[in-house]
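*Asks:* Can you read through this structure? Questions will come right after.
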Amino acid sequence: MESVSKPTHQHLPNPKEPAWAGWVYNVTFFLNGLLIFILIFENSFAVPYWMQAVGRMHPLVLHFPLVVLMLYAFWTLIVEKKDSTRWHENLADTLFLIGIFTAVIAAFSGFILSQEEGYEDNALFWHKWMGIAISIGGIVWYSFRHYLPIWKIPAKILAAAFLFLLIVGGHLGGNLTHGEDFLISPIPVSNETEKKVAIEDAKVYDDLVQPVLQQKCYSCHNAEKSKGNLQMQTKELLAKGGKNGILWDTTKADLGLLLNRVHLPLDDKKHMPPRGKVQLTDEEIVLIAAWVKDGSRFDQMVSSLSPQSAVYAYAENILGGGRTEEEYDFSAANADKVKELNTNYRLIKSLSAESPALFVNFYNRANFKAEDISALLPLKEQIVSMDLSKMPVKDEDIKAIAQFPELRKLILNFTDVQGTTLGELKKLTKLRELSLSGTSVKLAQVKVLEQTPSLKKVYVWSTGISTEELALLRKEKKISFETGYRSDTVVLALNPPIIENENQIISGGTKITLKHQIPGTTIRYTLDGREPDSTTSLVYKKPIDIAKNTKIKARAFKNGWYGSKGVDKYFFKSAFHIDSVRLITQPDVKYPAQKDITIADGVKSDNTPSSGKWLGYRDQPFESYLFFTNSVKAQNVTLSMLRNVGGYIFPPTRIEIWGGKDEKNLKLLKVLTPELPVKETPNVDNMVFEADFESQELSCIKIIAKPLAKLPAWHPGKGEKAWVFVDEVFVN
């Protein structure tokens, strides 16, 4: 009889495969085909508004297929022979099928998410294509698994390649979400390379502000992932801001975008850092706000701040707690000698419990004698700080002080020192800080201190040095001269006034109200676009009536103060209620706002394109009808629009206003040709276009606004189409 060999189970479909597996396989096969199709036409694919939620699900679904497929690949690698007891085909097939089904769901949602802005192109490219390769490769492997025996080399090579794709693709996704160093950031830096900064050498931005931004902001605003086109990893990029403009503005009550987003409620989608991320502490928020208020300087030293300032207190907590005490190379003093030299008017103590260094404070001016300094010479190798404030120390006593070679800090405030022997201090090669406040020293004596090799800071407020001479000292580079606050010479600037009206749309008898927190302040304002001055501009005395669209500009003035920076706000007059709106052309799916309702809902959007309140047009003009149940006698149509040069949002090239009794009987009332931005034009602003025409009865108005077909050569997106954004239309 002719023998017939039985086929092995690895080469044929599993007869025990459940019925549902076929359905899952077919759905997975279809979704992979759909994924390939939209990839081919990616440039023409626009994500519908409702589908954006599918993309946001990507972080929720991607981890499951990663784990399942890695488990299957590992399982394939450890099976060493045909009849291995480690292999359970039914369980393995089920595991693999679930893995490839969830993988295509993750790949599809990831593709939708990739259409959003804010991701670095190169990293996104590789992560996207690795995810697609995993999904398509998985369905192919599953389809032909019976022809790839898992105990043979080809299957193991395929499993190893799959593991590589899963690990690298997952790592790139982590970089996009959390930043390049997310994986290794918890690993502490070795003691040898850790940067240790003394508070006197620290900079406000480099050593205080930037570490906060690195921990709380860089993961979403870096070269790999730049949400809102904002990157923070360099000072230049931070100062540049993102598509919503610069990050700080001291003329605004909330100090601008950065602090505004930080203070939003945690549930607000614009709150930063986003919900789920580590939030800024109250101290960190105060630090950043104080830095912005003080001019957001990148070169400001912590030592230049008042010790009473919030930033200085923060620096003491952070740098004081994170840095190690200075290491001293001398041995500790004899404890009995220290005890012997301690008296009721002279205190000698160690800097800390384990430190050999000593500091000395003198008390009781009436009992002080010059010999009290020389008496400390047995401890001259251990004393690093000496406070002689308000003691009757004279110039000749400086020679005794110069015999303490380890001295780092010397305080001579309100002593009898005239400064004639300050040159003796050059013998103190380790002296870093000297305070002469309240003494009679002159400029010539203080200039001698430049010969003291290690001296970094000298306090000279309330001395015999004139205001002009103090100004010269502040220009010194080698030594930082702290000259203190002089109320007779410093003039402060007022804060800008506050425009109390929040609603920018005015109707009926609404009036504009201004105020200032400081009593006796004069608020001057203009309504014609000019900058207010202290002499000719209108003085605010009572709430202001608005008869038409008006931009109010205001400044505050007061004797003995510098005038404030300006504040401004545009108010729209809305005389006629628009009964209904019909959009002729539909907005882009990315910026649909509330469709027809948007034009006349009385809600003015902020300058954020993603606010959900802007109608966005790019591939076609904005065209709309406005209808009035009863005709109105109109002579003005005003369009509220947005300019965001970095976000490709430009003014329209042409605006047409048509009017008549109905949509079939319209005539051209006005044509506007707005001026296009140039390279120097401010990035973000709310634009207002007013079309005035002869007063007439109208029941229907048609508006057309045509977007710029090609961005100019100076723009990064040169040659591409520009956007037109509209949020409100007013008829007067």
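*Asks:* Which three numbers, in whole Å and largest first, are the semi-axes of the equivalent ellipsoid of region 335-482 derived from its Cα gyration tensor as √(5λ)? Don't skip to the answer; put the middle values down first.
*Replies:* On the way: eigenvalues 145, 56, 31 Å².
For region 335-482, the semi-axes come out at 27, 17, 12 Å.
*Asks:* So, in Å, what gap is there between the alpha-carbon centers of region 680-704 and region 370-428?
*Replies:* For region 680-704 versus region 370-428, the Cα centre distance is 76 Å.
*Asks:* List the pairs from Lys339/Lys430; Lys511/Lys670; Lys551/Lys706 whose alpha-carbon separation is above 28 Å, in the order I gave them.
*Replies:* On the way: Lys339/Lys430 26 Å; Lys511/Lys670 30 Å; Lys551/Lys706 25 Å.
In this structure, Lys511/Lys670 exceed 28 Å between Cα atoms.
*Asks:* Hey, which of these cross-link pairs are over 24 Å Cα-Cα: Lys243/Lys613; Lys548/Lys569; Lys548/Lys590? Mind showing how you got there, number by number?
*Replies:* Values: Lys243/Lys613 17 Å; Lys548/Lys569 14 Å; Lys548/Lys590 33 Å.
Those over the limit are Lys548/Lys590.
*Asks:* Of the cross-linked pairs Lys337/Lys409; Lys515/Lys604; Lys369/Lys477, which ones have a Cα-Cα span greater than 32 Å in the structure shown?
*Replies:* Working: Lys337/Lys409 22 Å; Lys515/Lys604 23 Å; Lys369/Lys477 37 Å.
Where the Cα-Cα span goes over 32 Å, the pairs concerned are Lys369/Lys477.
*Asks:* Next up: Just want the ordering: Ser610, Ser454, from fewest to most Cβ atoms lying within 10 Å of their own Cβ. Don't jump to the answer; show the numbers that get you there.
*Replies:* Numbers: Ser610 16, Ser454 11.
Fewest to most other Cβ atoms nearby, the residues stand as Ser454, Ser610.
*Asks:* On a straight-distance basis, which lysines could pair with Lys661 in a cross-link, Cα separation under 16 angstrom, same-chain partners fewer than 8 positions away excluded?
*Replies:* Lys633, Lys702
*Asks:* Among Phe404, Val448, Thr463, which residue has its Cα furthest toward the positive end of the charge dipole of region 335-482, with +1 on Lys/Arg Cβ and -1 on Asp/Glu Cβ?
*Replies:* Val448
*Asks:* I need the peptides 294-302, 540-548 ranked by packing, meaning the mean over residues of other C-beta atoms within 10 angstrom, with the highest value on top. Intermediate results must be reported in sequence, preceding the final value.
*Replies:* Numbers: 294-302: 16.0, 540-548: 13.8.
Averaged packing, sorted descending, gives the order 294-302, 540-548.
Throughout, read-outs are computed from the coordinates displayed, never taken from laboratory work. Source: prediction; values computed, not measured. Backbone-built Cβ (ideal geometry, glycine too); neighbour counts: all protein chains shown.
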